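Would you mind keeping the following structure in view while I ask a few things?
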Amino acid sequence: MNIKKAREDTPCENIYFNHASTSIPPIPVIEASEDYYRMAMRYGATSKKAEELTAIRYNAAKQKMAEFINADQEEIMFLPNGTVGIHIVAQGMQWKEGQNIILDSMSFISNTVPWIQAAKTYGLEIRWIPSKLPGILDIQNMENLIDKNTALICVTHAANSLGVLQDIEKIGEIASKYQIPYCVDAAGSLGAVSLDVEKIKCDFLTASGRKYLRGPSGTGVLYVKKEKIVQLNGWVAAWNSGVWDCNKNDFSFYDDIQRFNYGEKNYPGIFGIAKAVEYIDEIGGIFEIENRIIELMEYLFNKLKEIKEIEIIGPQDVFCRRGTMGLTMNKKTCGEIADYLNHNGVGMMGHHFFCPGVCRLFGIEGTARISLHYWNTEEEIDQLIILLSQIV
Ligand SMILES: Cc1ncc(COP(=O)(O)O)c(C=O)c1O
């Protein structure tokens with residue numbers, strides 16, 4: 001892995017351990033976004049030349065993202081964030097009153113509230129997949145929740161406060177055995193771990209661009225399996241999401257992925273997110289990224305375990321995570337830990353992270369979250385450990 005290049009491309013002056021919230025795009029990603037404006041300035045944004053170039057780049061961006069998750073480009077929609085993708089599925093399913101949806105009890109608010117809203121609106125029942133120590137979904141018990149009225153299963157790959165990767169392939173096997181539509185929130189893992197929608201057997205996958213993918217802010221992606229596209233209602237009636245018959249004053253959504261358009265696209269963001277995917281290959285590929293993250297996590301865990309006042313929340317081994325972990329201390333709240341570290345030049349957060357299921361499982365108010373990425377260094381971890389040792 002080309003760490004030297006990664007560091008040169010990310011001239012960050014602070015120690016940054018908050019990638020589960022928002023990472024930092026490398027310079028080539030920022031340049032890819034800028035390129036759009038330069039091109040628009042050169043030719044005029046709506047000139048034929050600019051529109052042609054934009055269309056070519058847009059299709060290439062979809063292709064890039066599709067290849068990255070082993071999908072077809074006709075199954076990819078770029079969105080403003082990950083939440084909107086979940087909302088599109090939650091509000092778009094053709095629900096029938098009395099159906100139930102099976103949800104991950106450890107999810108972040110964005111993968112909980114849209115379903116609660118849908119349940120209220122359409123008369124659905126929510127069934128929560130129980131979690132068990134040391135922080136994994138109880139998949140065996142999930143299977144017991146399924147019945148003939150189960151209309152969807154949705155899980156979060158890595159809860160943002162805990163960072164543990166859940167077995168989304170196993171869940172996908174169960175969903176497919178019962179032929180239940182399956183949605184995965186990969187906001188906390190895309191870019192840190194290789195994801196393959198065929199292997200996962202999911203129908204929908206959503207993620208943010210600004211987290212481990214290192215894309216621009218205000219970007220996200222939604223994958224919808226081809227045969228499921230028309231089964232999801234469109235969400236925004238816009239000039240690019242369907243056909244308006246102005247004589248009859250009628251509008252109908254397109255039958256393909258374009259039905260999820262929502263008006264003008266964020267082209268600078270889309271070109272940036274596509275570059276972020278390309279950049280992964282430029283510095284060694286997603287498997288190298290995974291290995292580097294594991295290496296750094298192992299280094300961090302070994303150091304943390306030497307400080308007896310610190311408790312690592314969740315599994316004590318690093319292999320079930322890709323970059324994110326939470327810790328607590330007896331004498332300091334997670335907010336106090338975060339204040340101290342932030343004050344001393346370390347970007348991280350202490351919070352409940354809107355994951356009440358995680359807090360309940362461990363009986364905690366929140367965690368001090370350390371969320372590292374491949375371009376962090378052992379020296380930065382050493383500095384973190386020195387600071388943590390000062391406040392235990
Ligand atoms: C696990 C998880 N899912 C979904 C989201 C929502 O993503 P976005 O902020 O891109 O809407 C987040 C954001 O923090 C998250 O951590």
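The values are calculated or read from the model by the stated rules, or taken from the named source; none is laboratory data. Bear in mind that the values here come from a model prediction, so they are computed numbers and not experimental data. Note that we place each Cβ from the backbone using ideal geometry, even for glycine, and neighbour counts take in every protein chain shown.
Just to verify a result, which residue in segment 296-310, among those that are part of a loop (DSSP other than H, G, I, E, B) and not acidic (Asp, Glu), is surrounded by the most Cβ atoms within 10 Å (Cβ to Cβ)?
Just the residues of segment 296-310 that are part of a loop (DSSP other than H, G, I, E, B), to begin with: 306-309.
Right, trim to not acidic (Asp, Glu) and you get 307-308.
Values: ILE307: 14, LYS308: 7.
Only one residue fits best here, namely ILE307.
Let me ask something else. Taking the stated definitions as given, is ILE293 touching a residue at least 12 places away in the same chain (Cβ under 8 Å) and in a helix (DSSP H, G or I)?
Criteria met by ILE293.
Give me the residue from segment 182-221 that is in a helix (DSSP H, G or I) and either within 18 Å of ARG322 (Cα to Cα) or among the basic types (Lys, Arg) (or both) and, out of that set, farthest from the ligand (Cβ to nearest atom). I'd like the intermediate steps shown before the answer.
Residues of segment 182-221 that are in a helix (DSSP H, G or I), as a first pass: 197-200.
The next check asks that each one be either within 18 Å of ARG322 (Cα to Cα) or among the basic types (Lys, Arg) (or both); those that pass are 199-200.
On the way: LYS199: 20, ILE200: 16 Å.
Ranking the qualifying residues of segment 182-221, first place goes to LYS199.
One line per residue, one yes/no per condition, for (1) within 18 Å of ILE109 (Cβ to Cβ); (2) within 13 Å of the chain's Cα centre (by Cα); (3) not hydroxyl-bearing (Ser, Thr, Tyr):
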| residue | (1), (2), (3) |
| --- | --- |
| ILE153 | no, no, yes |
| ALA186 | yes, yes, yes |
| LEU205 | no, yes, yes |
| TYR212 | no, yes, no |
| ASP245 | no, no, yes |
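For the list (1) farther than 21 Å from TYR16 by Cβ; (2) modelled with pLDDT of 95 or more; (3) buried (at least 17 other Cβ atoms within 10 Å of the Cβ), I need the number of the one condition that MET325 fails.
Here MET325 meets the rest and fails (1).
Output yes when any residue across segment 41-64 is outside any helix (DSSP H, G or I), within 15 Å of the ligand (Cβ to nearest atom) and farther than 25 Å from ASN149 by Cα, and no when none is. I'd like the intermediate steps shown before the answer.
Looking only at segment 41-64, we keep the residues that are outside any helix (DSSP H, G or I), and these are 44-47.
If we keep only those that are within 15 Å of the ligand (Cβ to nearest atom) as well, we get none.
Within segment 41-64, none of the residues are outside any helix (DSSP H, G or I), within 15 Å of the ligand (Cβ to nearest atom) and farther than 25 Å from ASN149 by Cα.
Follow-up question, since we're still on this one. Which members of segment 1-26 meet the condition of being of a type in the set (Asp, Glu) and assigned to a loop (DSSP other than H, G, I, E, B)?
Step one: list which residues in segment 1-26 are of a type in the set (Asp, Glu), which gives 8-9, 13.
Passing the criteria: ASP9, GLU13.
Something else: For segment 333-351, what are the residues that are surrounded by fewer than 17 Cβ atoms within 10 Å (Cβ to Cβ) and in a loop (DSSP other than H, G, I, E, B)? Even if it seems obvious, please write down each step before you answer.
Kept after step one, since they are surrounded by fewer than 17 Cβ atoms within 10 Å (Cβ to Cβ), are these residues of segment 333-351: 333, 335-336, 339, 342-345.
If the condition is that a residue be surrounded by fewer than 17 Cβ atoms within 10 Å (Cβ to Cβ) and in a loop (DSSP other than H, G, I, E, B), then THR333, ASN344, GLY345 are the ones that fit.
Can you confirm whether segment 168-181 contains a residue that is within 15 Å of the ligand (Cβ to nearest atom) and either more than 17 Å from PHE68 (Cα to Cα) or touching a residue at least 24 places away in the same chain (Cβ under 8 Å) (or both)?
Of the residues in segment 168-181, the ones within 15 Å of the ligand (Cβ to nearest atom) are 168.
Next, only the ones that are either more than 17 Å from PHE68 (Cα to Cα) or touching a residue at least 24 places away in the same chain (Cβ under 8 Å) (or both) stay: 168.
Scanning segment 168-181 turns up at least one residue that is within 15 Å of the ligand (Cβ to nearest atom) and either more than 17 Å from PHE68 (Cα to Cα) or touching a residue at least 24 places away in the same chain (Cβ under 8 Å) (or both).
For segment 91-109: of the residues being buried (at least 24 other Cβ atoms within 10 Å of the Cβ) and within 16 Å of the ligand (Cβ to nearest atom), which is farthest from ASP167 (Cα to Cα)? I'd like the intermediate steps shown before the answer.
Residues of segment 91-109 buried (at least 24 other Cβ atoms within 10 Å of the Cβ): 101-104, 106-108.
Pick out the ones that are also within 16 Å of the ligand (Cβ to nearest atom) and you get 103-104, 106-108.
On the way: LEU103: 14, ASP104: 12, MET106: 14, SER107: 14, PHE108: 17 Å.
Among those residues, the one meeting the criterion is PHE108.
If you don't mind, another one. Out of everything in segment 234-286 that is among the hydroxyl-bearing types (Ser, Thr, Tyr) and part of a loop (DSSP other than H, G, I, E, B), what residue ends up being farthest from GLY209 (Cα to Cα)?
First pass over segment 234-286, keeping only residues among the hydroxyl-bearing types (Ser, Thr, Tyr): 241, 252, 254, 262, 267, 279.
Then keep just the ones that are part of a loop (DSSP other than H, G, I, E, B); that gives 241, 254, 262.
On the way: SER241: 22, TYR254: 25, TYR262: 18 Å.
Checked segment 234-286; the qualifying residue farthest from GLY209 (Cα to Cα) is TYR254.
What is the one condition in (1) among the hydrophobic types (A, V, I, L, M, F, W, C); (2) surrounded by fewer than 14 Cβ atoms within 10 Å (Cβ to Cβ); (3) farther than 24 Å from LYS4 by Cβ; (4) touching a residue at least 60 places away in the same chain (Cβ under 8 Å) that PHE287 does not satisfy?
(3)
Could you look through segment 65-83, keep only residues that are surrounded by 20 or more Cβ atoms within 10 Å (Cβ to Cβ) and among the aliphatic types (A, V, I, L, M), and pick out the one that is nearest to the ligand (Cβ to nearest atom)?
The selected residue is LEU79.
Given (1) assigned by TED's automatic domain parsing to the domain that holds LEU205; (2) more than 30 Å from ASN141 (Cβ to Cβ); (3) in contact (Cβ under 8 Å) with a residue 40 or more places away in the chain, where does MET106 come up short, assuming only one miss?
(2)
Then there is this: For segment 85-108, give me each residue that is more than 15 Å from GLY215 (Cβ to Cβ) and outside any loop (DSSP other than H, G, I, E, B). Give the derivation first.
First, pick out the residues of segment 85-108 that are more than 15 Å from GLY215 (Cβ to Cβ): 86-108.
Across segment 85-108, the qualifying residues are ILE86, HIS87, ILE88, VAL89, ALA90, GLN91, GLY92, ASN100, ILE101, ILE102, LEU103, ASP104.
Scan segment 362-392 for residues that are within 16 Å of the ligand (Cβ to nearest atom) and of a type outside the set (Val, Ile, Thr) and jot them down. Explain how you work it out, then say what you get.
As a first pass, look at segment 362-392 and keep what is within 16 Å of the ligand (Cβ to nearest atom): 366-367, 369-373.
Within segment 362-392, GLY366, ARG369, SER371, LEU372, HIS373 qualify.
Six or more apart or on different chains, Cβ atoms under 6 Å: show the pairs whose first residue is in segment 353-380 and in a helix (DSSP H, G or I) and whose second is β-branched (Val, Ile, Thr).
From segment 353-380, the pairs are PHE362/ILE313; GLU380/ILE15.
So, LEU162, is that one in a loop (DSSP other than H, G, I, E, B), within 12 Å of the ligand (Cβ to nearest atom) and not acidic (Asp, Glu) or not? Show your work before the answer.
Details: in a loop (DSSP other than H, G, I, E, B): yes; within 12 Å of the ligand (Cβ to nearest atom): yes; not acidic (Asp, Glu): yes.
Taking the combined requirement at face value, the residue satisfies it.
What are the pairs, 6+ residues apart or on separate chains, where a residue within segment 27-49 that is surrounded by 12 or more Cβ atoms within 10 Å (Cβ to Cβ) has its Cβ under 6 Å from a residue that is not in a helix (DSSP H, G or I)?
Every condition considered, the pairs that remain are ILE27/ASP9; SER33/PRO216.
How many residues are in contact with a helix residue (DSSP H, G or I) (Cβ under 7 Å, 6 or more places away or on another chain), part of a loop (DSSP other than H, G, I, E, B) and among the basic types (Lys, Arg) when one looks only at segment 114-149?
Number satisfying all stated conditions: 0.
Can you tell me which condition THR22 does not meet? The list is (1) among the polar types (S, T, N, Q); (2) farther than 19 Å from ASN266 by Cβ; (3) not assigned by TED's automatic domain parsing to the domain that holds LYS265, and all the others hold.
(2)
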